[in-house]
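Peer 1: Have a look at this one.
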Amino acid sequence: MESGGLALLLALALALALATSLALQCVLSGSWRSDGGCRMVVSVLGQDGGFSGSYLPGAVASDPQIPASPLKGSQQDAGLVAQPTFSFAVHWQHRGSTTAFVGQCFVDEAGEESLHALWLLREEVASPTEDWKATRIGTSVFTRIK
């Protein structure tokens, strides 16, 4: 093979490798850690972008006695948009509450992924008069555990 053909073949191989690695970014499947120490494991995404998984809050993330809480969610197709949005909900096993997360995946200049999320935590209260104190709001940033 002449040098021009070899150079073209190498360029195509490099382009394919780069496209493959970029396509895998911002697919939520895998393990993530939040800035608050929480740990999240997301299953393989379904055809429709749906996923399930588990979530452990930071205070108990390393305690094997505390069961993980289930999560369910969905994300935009990372093949259609470079930095997709997502949502998921966690039904807490160890207390009467649910947290809903909405956010977006970002990729920085170094190729590192981060999930920026807004969350609403709703706790169970005894009556409508206590409704004012039942919902908390906050933000979390997750990074992939490698």
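FYI, it's all coordinate maths here, none of it is from the lab. Source: prediction; values computed, not measured. For neighbour counting, all protein chains shown are included, and Cβ atoms are generated from backbone atoms with ideal geometry for every residue, glycine included.
Peer 1: Computed on alpha carbon atoms, what radius of gyration and Dmax characterise the range 39-103, expressed in Å?
Peer 2: Calculated on Cα positions, Rg and Dmax stand at 13.0, 41 Å.
Peer 1: Additional query: Taking each pair of distinct Cα atoms in the range 88-146 once, what is the resulting Kirkwood hydrodynamic radius in Å?
Peer 2: After inverting the mean inverse Cα-Cα distance, the result is 13.3 Å.
Peer 1: Further, regarding this structure: Please give the net charge around residue 98, taking every other residue with its beta carbon less than 13 angstrom from that of residue 98, where Lys and Arg add +1 and Asp and Glu add -1. Spell out each step's value before the answer.
Peer 2: Values: positive: 72, 95, 122, 136; negative: 123, 124.
Net local charge, residue 98 excluded: +2.
Peer 1: With a 10 Å Cβ neighbour count serving as the proxy for reagent exposure, in which order, fewest first, do 137, 66 appear?
Peer 2: 137, 66
Peer 1: Can you sort 38, 26 so the residue with the fewest Cβ neighbours within 10 Å comes first?
Peer 2: Ranking 38, 26 by Cβ neighbours within 10 Å, fewest first, gives 38, 26.
Peer 1: Then there is this: Net charge within 14 Å of residue 134 by Cβ-Cβ distance, Lys/Arg positive one each and Asp/Glu negative one each, not counting residue 134 itself?
Peer 2: 0
Peer 1: Less than 14 Å Cβ to Cβ from residue 34, Lys/Arg counted +1 and Asp/Glu -1: what total charge do the surrounding residues give?
Peer 2: Charge balance in the 14 Å sphere: +1.
Peer 1: Would you please state the base-10 log of I(q)/I(0) at q = 0.20 1/Å for the range 27-144, with intensities from the Debye formula using one equal scatterer on every alpha carbon?
Peer 2: -1.12
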